[in-house]
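Read through the structure below, which is laid out as C-alpha cells, and then see the notes.
The values are calculated or read from the model by the stated rules, or taken from the named source; none is laboratory data. The model shown is predicted, which means the values in this text are computed figures rather than measured ones. Neighbour counts are summed over all protein chains in view; Cβ atoms, including those assigned to glycine, are modelled from backbone coordinates with ideal geometry.
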Amino acid sequence: YEFSEQLTSKLDVDQIYSVVAEHASRLLPFNKLVITLYDPETEAISLAYQVQKREDPSPVPRAPVQLTQHDSDDPYWKVIRSKRSYQDPSFPVLYVPMISKETIMGVITSIADPETKYSDTHLRLLESIGNLAGIAIEKAKLHEETIAKSAEIERRNKELDDFTYVVSHDLKEPLISVEGFSNILRLDYREIIQGEGKEYLDSIEGASVRMKALIDDLLVLSRISRPSESFKSVSTEKVINDVKTEMEYTLRQKDVRFIVPENLPSVFGNETQIKIVFRNLIGNSLKFNDKPQQIVEIGFEEADSSRYKFFVRDNGIGIDSEFFEKIFIIFQRLHRREQYEGTGAGLAIVKKIVELHKGTVWVESVPDKGSTFYFTLPKVLSLNS
Ligand code: ADP
C-alpha cells in the first residue's frame, strides 16, 4: 500500500525507479537490481536503471544502452513475449514483467549471490512490484509525452504567428500602391474617367479598404501571443467603463439599456487585450441586434478557486447552434457584408486572447431571442491565497 501510494504520486521515471529499488531491497535479497525498458516500436530493450546493493547504488545511466536484439533463449525476450515471470533454474535470478493494461513496459531483474535461494514468495513480491511499476511508468511516460506535445504545439503556433505577421506586413506594401494609384486616377484623370469607369474605380477602392481591414485584423491576431505589456491586476470595472465611453455615441443614439453589476472584480492579465475582449463582444451585441430596445448585460461569477466566469448577453438576432463553433474561426461570418459590417475576425481575436489567459470562451444563444458569450479569466492570486 505504501509502495503504491508513493508510486502514484510520482510523474518522473527516475524517481519511480528509485522507489522501486528501495522497496524491492526491503522485500527480497539481491546483489543487483536492474530495470530494463522495452520499446515495442523498435523492439529494443534498454537499460534504464540499476542498483548494485542498497548500500551501494550505482549511478543511473542517462542514455539507455541497447542490450540485446531478438534472441529467443534470452530470458528478457522470454518474459517480454510471454508477459510472465521467469526464474533462472541454475542461478538465483528473477525476471518479472512490468505490465500496464496488457502492455509490457519492461522487465525488473533481481540477481542474488549464488548461495541465495529465491522462494515463491520472493517471486510474487517482485511481481507485485512489477505490476505497480508498469502502471506508474506508463503514466509518467504519458505525462512526458503530453508535455512534449504541448511544447511542440506552442512552437508551431508561434511559427504560424510569425508567418502571419510577416505575410500580412508584406501584403500592406502593394496595397498602399493600389490605393495611391487609384487616388491619382481619380484626381488627375477626373475628366476622362466617367460613368462605368468611375464605378470600377470605386470598386477598386472599396476592395482595397476592405483588404486593409482584413490585413490589420490578421496583424492584431498574430501579435496577441507576443504582447508588449506584462500581466498585472486589471480592473474589469475600469475596462468596461472605458469601452462604454468609447461607444458613448452609439449607446445614446440607440438608447441601449446597458446593465453592469456592482463590484466587478480585478483579473490577472493584459489590460489592452482584456479591453479588446469586452470591446468586441459588446460591439457585436449592439451590431447584431434588431430590437427596438437593445439590451446589453454584463455579469460575472466565480468559476473556480482561480478563475472568474464573465458573460456578455444581448437580446439580439441570436445564432443557430450549428454555428456555435464556426463563429470563432477567423473570417467566418454568418451574414453578408451589406447586412452587417465586419471582417469576421473579432471573435477569433477574443478566443485567442482568452486562451492566452488560460481561459475558455463559448456561446449560448437562441435565434431571435439573443446570445450570451461566456469567458473565463484568471483571478489575481496573492502568494498567501
Ligand atoms: P464580425 O463581427 O466582424 O462579423 P466576429 O468574429 O465578431 O466578426 O463574429 C463572427 C460572426 O458571429 C458574425 O458575423 C455574426 O454572424 C456572429 N455573431 C457574433 N456575435 C454575435 C451576436 N452577439 N449575436 C449574433 N451573432 C453574432
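Consider R313 against the criteria (1) crowded, with 18+ Cβ neighbours inside 10 Å; (2) near the ligand (Cβ under 8 Å from one of its atoms): it satisfies all of them except one. Which criterion is unmet?
Of everything listed in (1) crowded, with 18+ Cβ neighbours inside 10 Å; (2) near the ligand (Cβ under 8 Å from one of its atoms), R313 misses just condition (2).
Return the residues of region 340-380 that are in a loop (DSSP other than H, G, I, E, B), within 11 Å of the ligand (Cβ to nearest atom) and either without any contact (Cβ under 8 Å) to a residue 24 or more places away in the chain or β-branched (V, I, T) (or both); say none if nothing qualifies. Let's see the steps before the verdict.
Restricting attention to region 340-380, the residues satisfying the condition of being in a loop (DSSP other than H, G, I, E, B) are 340-345, 357-360, 367-369, 380.
Filter again for within 11 Å of the ligand (Cβ to nearest atom), leaving 340-345, 367-369.
Listed by number, the residues that qualify are T343, G344.
Assuming E297 fulfils every condition listed in (1) at pLDDT below 95; (2) more than 20 Å from H357 (Cβ to Cβ) apart from one, which condition is it?
The failed condition is (1).
Can I176 be described as assigned to a helix (DSSP H, G or I) and touching a strand residue (DSSP E or B) at 6+ places or on another chain (Cβ under 9 Å)? Can you show your working first?
Numbers: assigned to a helix (DSSP H, G or I): yes; touching a strand residue (DSSP E or B) at 6+ places or on another chain (Cβ under 9 Å): no.
The answer is no for I176.
Quick check on region 288-299. Is at least one of its residues surrounded by fewer than 18 Cβ atoms within 10 Å (Cβ to Cβ) and either in contact with an Asp or Glu (Cβ under 6 Å, 6 or more places away or on another chain) or closer than 25 Å to F231 by Cβ (or both)? Please lay out each step first, then the result.
Taking region 288-299 as the starting set, the residues that turn out to be surrounded by fewer than 18 Cβ atoms within 10 Å (Cβ to Cβ) are 290-293, 295, 297, 299.
Cutting the leftovers down to either in contact with an Asp or Glu (Cβ under 6 Å, 6 or more places away or on another chain) or closer than 25 Å to F231 by Cβ (or both) gives us 299.
The answer is yes; a qualifying residue exists.
Restricting attention to strands (runs of 3 or more DSSP E) lying wholly within region 221-300, give those where 3 or more residues are more than 15 Å from the ligand (Cβ to nearest atom). Walk me through it before giving the result.
Working: elements: 232-235, 257-259, 266-269.
Here the list reads 232-235, 266-269.
Scan region 316-331 for residues that are outside any helix (DSSP H, G or I) and either more than 10 Å from the ligand (Cβ to nearest atom) or under 24 Å from the mean Cα position of the chain (by Cα) (or both) and jot them down. I'd like the intermediate steps shown before the answer.
Taking region 316-331 first, the residues outside any helix (DSSP H, G or I) are 316-320, 324-325, 329-331.
F324, E325, I329, I330, F331 - these are the residues of region 316-331 that are outside any helix (DSSP H, G or I) and either more than 10 Å from the ligand (Cβ to nearest atom) or under 24 Å from the mean Cα position of the chain (by Cα) (or both).
Give F268, F331 a once-over and let me know the one that is in contact with a Ser or Thr (Cβ under 9 Å, 6 or more places away or on another chain), at pLDDT below 95 and not small (G, A, S).
Numbers: F268 fails: at pLDDT below 95.
Matching residue, one of F268, F331: F331.
Filter region 319-365 down to the residues that are out of contact with any strand residue (DSSP E or B) (no Cβ under 8 Å at 6 or more places or on another chain) and among the hydroxyl-bearing types (S, T, Y), then identify the one that is surrounded by the most Cβ atoms within 10 Å (Cβ to Cβ).
T343
E205 - would you say it is surrounded by 13 or more Cβ atoms within 10 Å (Cβ to Cβ), more than 30 Å from S382 (Cβ to Cβ) and in contact (Cβ under 8 Å) with a residue 24 or more places away in the chain? Reasoning before the result, please.
Values: surrounded by 13 or more Cβ atoms within 10 Å (Cβ to Cβ): yes; more than 30 Å from S382 (Cβ to Cβ): yes; in contact (Cβ under 8 Å) with a residue 24 or more places away in the chain: yes.
In short, yes.
State all residues of region 185-196 that are in a helix (DSSP H, G or I) and over 16 Å from V209 (Cα atoms); if no residue qualifies, say none.
L185, L187, D188, G195, E196
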